[in-house]
There are 2 protein chains.
Amino acid sequence: MKIKELQKYMKSNKIDVAVLLSLHSMSYDSNVYYFTNYEGQGVLIIPKSSRPILMVPEMELERARKVSRIKNVFAFDRKAKMFLHLREILKKRKIKSGAVGIDYSSATVEQYRALRKGLKASKTRDIGNALKCIRGVKTTAEIKILGKGFGIADAIVRSAIRNFRKFKTEEEAANYMKCEAIKRNCGLSFPPIIASGKNASMPHYKPRSVPIQKGFCIIDFGVCYKGYCTDITRMVYVGKPTEKEVGLYNFLLRAQENAIRNVKSGIKGAKLYKNAVKDLRHYAKFFTHGLGHGVGIDIHEFPSLSPKSKDKIEKNMVFTIEPGLYLTGKFGMRIEDTILFNGKKAEILTKVPKRLVVVK
Amino acid sequence: MKIKELQKYMKSNKIDVAVLLSLHSMSYDSNVYYFTNYEGQGVLIIPKSSRPILMVPEMELERARKVSRIKNVFAFDRKAKMFLHLREILKKRKIKSGAVGIDYSSATVEQYRALRKGLKASKTRDIGNALKCIRGVKTTAEIKILGKGFGIADAIVRSAIRNFRKFKTEEEAANYMKCEAIKRNCGLSFPPIIASGKNASMPHYKPRSVPIQKGFCIIDFGVCYKGYCTDITRMVYVGKPTEKEVGLYNFLLRAQENAIRNVKSGIKGAKLYKNAVKDLRHYAKFFTHGLGHGVGIDIHEFPSLSPKSKDKIEKNMVFTIEPGLYLTGKFGMRIEDTILFNGKKAEILTKVPKRLVVVK
């Protein structure tokens, strides 16, 4: 997407070439996908002032050439060691490799060492933070894709809530949502969380083939559409809630809505988190995770709304606002929207109503 | 699983403590899962001669305590920096941390640097290869899980082949297989590959919403059952194959069956690959990937059957044998079994018949 922006950063930070690695065999690196649209193994070379090159294994060449936005796509020489071959390519094209930019947050120690040795790079620089910041601000094209993805996620959550009384087990409800995603040709941002009764006190609970318990039930879901994640959490109540329970739900909802109102240009993630903690008053001790996270190709990306985050909110960032309360052995609840900050206010991308749905 | 085996390796390699990191927010590290059965964020500490400790974020504590095979499970102090807190824990428990074992193939550069700094570790050692070797030889419990997983994968492939004429597009066939996996409460080892006609010349083709083309069609599929992957590829032919096409398929099938017969104790991955290349004669130039890979918690693990692999075959290894031929712009074919080497011979875990199925 924003290769020129990265090149500008490289120039002002004296980085000759960025080398982005997607070397896992069956998954792919989100940075490489971001710039190329290619989901697979390969190495993306971005020189500071010439056109990028995508190198892939021979078996991926035809596919990479078809799907990549980057036009220079070549295969690695199978007989040579990968990073030695990379060095030859850089030499031949007169691309300097004195200072090499690498994403330290995704490159493994093994890859880093092989790369340094193969390229004979005298200096390496961490460009992880620059990449995070670039990807944190979404382009018009990304916002369009995300909008469609959230529409699909919403439809599935609405349908799951409508059908909720039919599900006998947590797993059945989760499976229903998975199949609905597949029917719509989507992947999943993460396996759906259906956490009922006491299980809801575990924020990342994995649904099991156990009957859906009475009480609050967390539905946390997201489809992956055209490589972009979505994220939404809604609550249903199975049985008849007491007045106190309804009161607590509405208390959390008010805190969540207030957290959304607090979003403004330049505010730090930690500040948004702290404001939410204040709103949760003496319940804050049951709020055991961050307030939110950016959403994009990765389900958790820039910005982070956690206790120590210095990430600043900017126009066209897409992120979640998701306070929750977890009382071990008792119950749990979480309300999560994903929002687009349009420079002035938060536009809520997750439009499923947030009133507590009672399922009898 | 085999913590004692790792500790034995550590003692003979003068490693005081192994620190295994599972710090990705929504996925999990396969080493940590292997030893703990916990799928989530955390750090697994394995001292060379005392019991292991699992540290997790506060929000994961209840869940980790429920699912972990390791009994010492604690939460990180939210107020402290993670690796500084880790240092305190090691100190308090009198666990030496002079030489720290880390998996360089999964730890990122960023994690590695923070860990070294936080622990004030004077020496770090790469235990990636030791972990790969340990995990490469499956335990009885793992073989049992894998057996069940392969039974499920087989049933879905049989059903997809039986129903193949009903599928209008590649995506429809892939979606059918995905939903069948979900119905059986399984995940996927990877998104199913349905590659028809010319598309089959791309080994890692992603199915699209295009009509299934006439000619050879690759069906490459695997469910993930109880955290363990499976992998199988079968071919169907849409339309009426020519005698030459049937001949080529049978040629590949003979090479595949011969490759399975070549499996014996102590043989190197590269040797198995080279034997297969020999069998493929002048067609070998169309065989653009490795002969096979280990299968376990990761879809690609030890041993590798690639051109330069020194990995040696041992009793109770589970791996694929999957020669393929890819003619760009024309067609592609691959036949893949996963086998268990029982010390004497290869037991085929993928039992779907390998004769070419003609779909009219």
- Query: Taking the Cα atoms of segment B:262-323, what is the range of coordinates along each of the three principal axes, in descending order and whole Å?
  - Reply: 34, 22, 16
- Task: Treating the angle as unsigned and between 0 and 90°, give the value, to the nearest 10°, between the Cα long axis of helix A:3-12 and the longest Cα principal axis of chain A.
- Result: 70
- Note on the structure: What the 5 Å binned alpha carbon P(r) of segment A:213-360 shows, as percent of pairs per bin from 0, is 2, 10, 20, 23, 20, 14, 8, 4, 1
- Give the shape of segment B:96-138 as rounded, prolate or oblate, defined through the alpha-carbon gyration tensor: a ≥ b ≥ c are the square roots of its eigenvalues, a/c under 1.5 means rounded, and otherwise the shape is prolate if a/b is larger than b/c and oblate if not. oblate
- Let me know the charge dipole size of chain A about its Cα centre in debye, to the nearest 20, where only the beta-carbon of Lys, Arg (+1) and Asp, Glu (-1) is charged. 960
- Message: Let me check I've understood the local charge: for B:Val210, count other residues with C-beta under 14 angstrom from its C-beta, Lys and Arg +1, Asp and Glu -1. What total comes out?
- Response: +3
- Query: What number, rounded to the nearest 500 deg cm²/dmol, is the helix-based mean residue ellipticity at 222 nm of the protein assembly as shown, given -39500 (n - 2.57) per DSSP H run of at least four residues and division by all its residues?
  - Reply: -10500 deg cm²/dmol
- Contour minus Cα-Cα span, B:Lys183 to B:Lys96, at 0.36 nm per residue, comes to 26.5 nm
- When the C-alpha atoms of segment A:1-128 are aligned to their principal axes, what extent does each axis show, in angstrom, from largest down? 35, 31, 28
- Principal axis box of chain B, alpha-carbon based, largest edge first, Å: 73, 40, 34
- Kirkwood estimate for segment A:115-193, i.e. one over the average of 1/r between Cα atoms, Å: 16.1
- Query: Going by alpha carbons, how many degrees (0 to 90, nearest 10) lie between the helix axis of A:140-162 and the longest principal axis of chain A?
  - Reply: 30
- Item | About the Cα centre, charge dipole magnitude for segment B:3-135 (Lys/Arg +1, Asp/Glu -1 at Cβ), debye | 720
- Query: What is the dipole size for segment A:236-351, taken about its Cα centre, with +1 at each Lys and Arg Cβ and -1 at each Asp and Glu Cβ, in debye to the nearest 20?
  - Reply: 520
- Item | Label spacing, shortest first and in nm, from B:Arg254 to its equivalents in the remaining copies (7 angstrom along Cα→Cβ) | 8.1
- Per residue and in cubic angstrom, what volume does the convex hull of the Cα atoms of segment A:172-214 have? 61
- Query: Cα to Cα, under 16 Å, and not fewer than 8 places away if on the same chain: which aspartates and glutamates meet these conditions relative to B:Lys91?
  - Reply: B:Asp16, B:Asp77
- Task: Excluding B:Ala155 itself, calculate the net charge of residues whose Cβ lies under 12 Å from the Cβ of B:Ala155, where each Lys or Arg counts +1 and each Asp or Glu counts -1.
- Result: +4
- Task: Kindly identify segment A:121-252 as rounded, prolate or oblate by the Cα gyration tensor criterion: order the square roots of the eigenvalues as a ≥ b ≥ c, call it rounded if a/c is under 1.5, otherwise compare a/b with b/c, prolate if a/b is larger, else oblate.
- Result: prolate
- Item | Set of aspartates and glutamates near B:Lys79 by C-alpha distance (under 12 Å), chain-local residues within fewer than 8 positions excluded | B:Glu58
- Relative to the longest principal axis of chain A, what angle (0 to 90°, nearest 10) does the C-alpha long axis of helix A:269-279 take? 10
- Item | Kirkwood-Stokes translational diffusion coefficient of segment A:175-267, alpha-carbon pairs, 25 °C, 0.890 mPa s, µm²/s | 162
- at A:Lys183 the sorted inter-copy label distances (label 7 Å from Cα on Cβ side), in nanometres, are 1.4
- Note on the structure: Taking a ≥ b ≥ c as the square roots of the eigenvalues of the Cα gyration tensor, with a/c under 1.5 meaning rounded and otherwise prolate when a/b exceeds b/c and oblate if not, segment A:62-175 is prolate
- Item | Radius 14 Å from Cβ of A:Ala64, net charge of other residues (Lys, Arg +1; Asp, Glu -1) | +1
- Dipole of chain B, positive direction: furthest Cα of B:Ala99, B:Ser189, B:Leu252, with charges on the beta-carbon: B:Ala99
- Message: Can you tell me the length gained on complete extension of the stretch A:Tyr283 to A:Arg261, counting 0.36 nm per residue apart and subtracting the Cα distance?
- Response: 5.9 nm
- Message: On a 27 Å Cα-Cα criterion, which of the cross-link pairs B:Lys11/B:Lys94; A:Lys148/A:Lys310; B:Lys274/B:Lys345; A:Lys48/A:Lys132 come out too long?
- Response: A:Lys148/A:Lys310
- Note on the structure: Cα pairs beyond 38 Å in the protein assembly as shown, in percent, come to 39
- Item | 10 Å binning of all Cα-Cα separations within segment B:1-58, expressed as whole percents from 0 upward | 25, 52, 21, 2
- Query: How much FRET efficiency would the formula 1/(1 + (r/R0)^6) give for A:Lys81 and A:Asp126, where r is the Cβ-Cβ distance and R0 is 30 Å, rounded to 0.05?
  - Reply: 0.80
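Computed from the coordinates by the stated procedures, all read-outs in this text should not be read as laboratory data. This one's a predicted model, so the numbers in the text were calculated from it and none came from an experiment. A quick note on method: Cβ atoms are made from the backbone with ideal geometry, for glycine too, and the neighbour counts reach across all protein chains shown.
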